[in-house]
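Below you'll find the structure, written out as structure tokens, and then a few comments.
The values are calculated or read from the model by the stated rules, or taken from the named source; none is laboratory data. Owing to the predicted nature of the structure, the values given are computational and were not obtained by experimental measurement. Every residue, glycine as well, gets a Cβ built from its backbone with ideal geometry; the counts of neighbours run over all protein chains shown.
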Amino acid sequence: MAPLWCVIPAAGRGTRVGGDCPKQYLPLAGRGLILHTLERLAAHPRIAGLMVALAADDARWPGIDRLAGKPVLTTTGGGERADSVLAGLRALPVGVAAGDFVLVHDAARPCVRAADIERLVTRASAVDGGLLGAPLRDTLKRADDHHRSILTEPREQRWRAFTPQMFRRGQLVAALEAAGREHVVVSDEAMAMERSGVAPLLVEGAEDNIKVTTAADFALAEFLLSRTA
């Protein structure tokens with residue numbers, strides 16, 4: 001299978017962390033969070049290049065154009081994740097055909113393991129695409145408006161969704177465009193594909209592929225980075 005391009009939506013601000021600096025540029029182990037993520041992706045032999053979707057007014061992007069000998073391109077993203085992913089897909093080099101698989105990965109997931117990317121690519125390329133995730137292991141509660149537990153939900157057949165997610169470029173563009181026309185905000189690429197009738201393959205990955213969302217996650221991510229590859 002030919003090497004894949006990876007789209008990284010990075011136009012958001014990560015407001016749950018707090019402060020004026022977008023989350024992806026906050027320091028993690030001495031460098032910006034996004035740099036760790038990009039380096040982890042670029043180091044993988046399956047990945048041919050990176051397309052980063054940035055905010056229109058982003059003045060913090062360090063101007064990287066190559067990592068691990070691979071091209072790093074940028075484009076302007078949008079207000080929602082799906083808008084940024086769609087912009088990234090449209091801006092990919094002309095050599096990336098509609099039928100080629102592409103990866104999409106969160107800028108705030110710096111701890112993704114190389115072995116998990118390999119497993120995803122190997123297994124999802126044999127079907128219509130898929131995503132990394134993990135079966136839900138905790139007891140799941142439904143809460144009311146006052147944060148009181150009112151029901152225990154079944155956890156069987158329920159998974160937590162991670163990234164990367166991998167689909168054919170043309171199919172994913174069409175799925176995201178359809179969601180936009182129907183004013184549906186999709187939370188990830190798999191949701192867009194599900195709406196188009198595709199059942200993405202769930203590929204189990206390591207649960208330390210965390211998404212850095214709050215200030216406390218930075219310390220955990222720094223710890224994990226020193227122990228994952």
Of (1) touching a residue at least 40 places away in the same chain (Cβ under 8 Å); (2) loosely packed, with under 13 Cβ neighbours inside 10 Å, Asp106 satisfies all except one. Which? (2)
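Here are some residues: Val127, Val102, Val96, Val173. Which one is touching a Leu at 6+ places or on another chain (Cβ under 8 Å) and under 20 Å from Pro71 (Cα atoms)?
Details: Val127 fails: under 20 Å from Pro71 (Cα atoms); Val96 fails: touching a Leu at 6+ places or on another chain (Cβ under 8 Å); Val173 fails: under 20 Å from Pro71 (Cα atoms).
Testing whether each residue is touching a Leu at 6+ places or on another chain (Cβ under 8 Å) and under 20 Å from Pro71 (Cα atoms) leaves just Val102.
Which one is surrounded by the fewest Cβ atoms within 10 Å (Cβ to Cβ), of the residues in the stretch 35-71 that are among the β-branched types (Val, Ile, Thr) and touching a strand residue (DSSP E or B) at 6+ places or on another chain (Cβ under 6 Å)?
Step one: list which residues in the stretch 35-71 are among the β-branched types (Val, Ile, Thr), which gives 37, 47, 52, 64.
Then drop every residue that is not touching a strand residue (DSSP E or B) at 6+ places or on another chain (Cβ under 6 Å), which leaves 47, 52, 64.
Numbers: Ile47: 23, Val52: 26, Ile64: 15.
Filtering the stretch 35-71 for residues that are among the β-branched types (Val, Ile, Thr) and touching a strand residue (DSSP E or B) at 6+ places or on another chain (Cβ under 6 Å), the one surrounded by the fewest Cβ atoms within 10 Å (Cβ to Cβ) comes out as Ile64.
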Tally, over the stretch 118-130, of residues that are in a loop (DSSP other than H, G, I, E, B) and in contact (Cβ under 8 Å) with a residue 40 or more places away in the chain: 4
Restricting to the stretch 149-170, give me the number of residues that are modelled with pLDDT of 95 or more, surrounded by 12 or more Cβ atoms within 10 Å (Cβ to Cβ) and out of contact with any helix residue (DSSP H, G or I) (no Cβ under 7 Å at 6 or more places or on another chain). 6
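Looking at Asp100, Asp128, Asp138, which one is among the acidic types (Asp, Glu) and at pLDDT 95 or above? Walk me through how you get there before you give the answer.
Values: Asp128 fails: at pLDDT 95 or above; Asp138 fails: at pLDDT 95 or above.
None of the others qualify; the one that does is Asp100.
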Name the residue, out of Val85, Val96, that is surrounded by 21 or more Cβ atoms within 10 Å (Cβ to Cβ) and closer than 14 Å to Leu50 by Cβ. Val85
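Do the conditions hold for Leu54, that is, is it over 22 Å from Glu222 (Cα atoms) and modelled with pLDDT of 95 or more? Working first, answer last.
Numbers: over 22 Å from Glu222 (Cα atoms): yes; modelled with pLDDT of 95 or more: yes.
The answer is yes for Leu54.
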At least 2 residues that are in contact (Cβ under 8 Å) with a residue 40 or more places away in the chain and under 19 Å from the mean Cα position of the chain (by Cα) in each: list the strands (runs of 3 or more DSSP E) lying fully within the stretch 131-229 that qualify. 159-168, 201-204
The residue that is nearest to Leu35 (Cα to Cα), considering only those in the stretch 97-138 that are touching an Asp or Glu at 6+ places or on another chain (Cβ under 9 Å) and of a type in the set (Lys, Arg), is Arg113
Considering (1) over 21 Å from His44 (Cβ atoms); (2) loosely packed, with under 12 Cβ neighbours inside 10 Å, say which one Arg227 fails and leave the rest. (1)
